[in-house]
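Trainee: Pasting a structure below so you can have a look.
The values are calculated or read from the model by the stated rules, or taken from the named source; none is laboratory data. Here the structure is a predicted model, which is why all the values come from computation and not from measurement. Cβ placement follows ideal geometry from the backbone for every residue including glycine, while neighbour counts extend to all protein chains displayed. Accessible surface areas use protein heavy atoms only, side chains included; no ligands, DNA or RNA. Shrake-Rupley method; radii C 1.70, N 1.55, O 1.52, S 1.80 Å.
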Amino acid sequence: MNAALNRNLFFVKEHTGVFKAANNYDIHDPNSQEVILHCREENLGFFSKMLRFTDYKRMTPFHIEIRTPMGEKLLTVKRGVSIILSNVEVLDANDQLVGKFKQKFFSIGGKFDVLDANETFMCTLQGRWTSWDFKFVKDNVEFAHVSKQWAGLGREMFTSADNYMLQINDKVPVAHPLRILILGAVMCIDMVLKE
């Protein structure tokens, strides 16, 4: 596993633009403000692009790749067309399945089960409907937290509604597949739950 995936703090900044259909992000080290990862949705089809400007945006497929600044692919987050509930896959650098997110029906604020490649439950990603605040939890243990309200180092970088902080707890071991799944989930929260 690439060392960049073993960090505990990731500042995610979405690219903004007029008539922007694709989901593109840069991930920074919040301490140095250096770009450590690029997240790009480069192969978005024509019809998907058109539907991104309609009320059907949440149903469109996506395929986001996370790479180092040197171009080394670390993981892929993808989903096909979603009619009611989203099922998202996360693949490693070799396009091997690491795990999935399965959206829960009738959840207020948004909720996903985070599953490994064998569909074993690892944790739940749950949000609050009143804010942009998400937690990865299992048995009352919080593994990670995603928020636009972060009071640590790098808070001065929060200048837009398209920026947020991922903080992974030290309880998640280095090189554990859950780290890949947590980072992958952050790339699709906005698309699946908040758009």
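Trainee: Within the range 77-97, can you find the residues that are touching a residue at least 24 places away in the same chain (Cβ under 8 Å) and either open to solvent by 20 Å² or more (accessible area, probe 1.4 Å) or hydroxyl-bearing (S, T, Y) (or both)?
Mentor: Passing the criteria: S82, I83, S86, D92, A93.
Trainee: Residue under question is T60, and the condition is that it be buried (at least 17 other Cβ atoms within 10 Å of the Cβ) and under 13 Å from M187 (Cβ atoms); does it hold?
Mentor: For T60, the condition - buried (at least 17 other Cβ atoms within 10 Å of the Cβ) and under 13 Å from M187 (Cβ atoms) - is not met.
Trainee: Would you check if there is a residue in the range 121-132 being in contact with an Asp or Glu (Cβ under 7 Å, 6 or more places away or on another chain), exposed (fewer than 13 other Cβ atoms within 10 Å of the Cβ) and at pLDDT 95 or above?
Mentor: Taking the range 121-132 and keeping what is in contact with an Asp or Glu (Cβ under 7 Å, 6 or more places away or on another chain), we get 121-122, 124, 127.
Next cut, exposed (fewer than 13 other Cβ atoms within 10 Å of the Cβ) only: 121.
Narrowing further to those that are at pLDDT 95 or above: 121.
Within the range 121-132, one or more residues are in contact with an Asp or Glu (Cβ under 7 Å, 6 or more places away or on another chain), exposed (fewer than 13 other Cβ atoms within 10 Å of the Cβ) and at pLDDT 95 or above.
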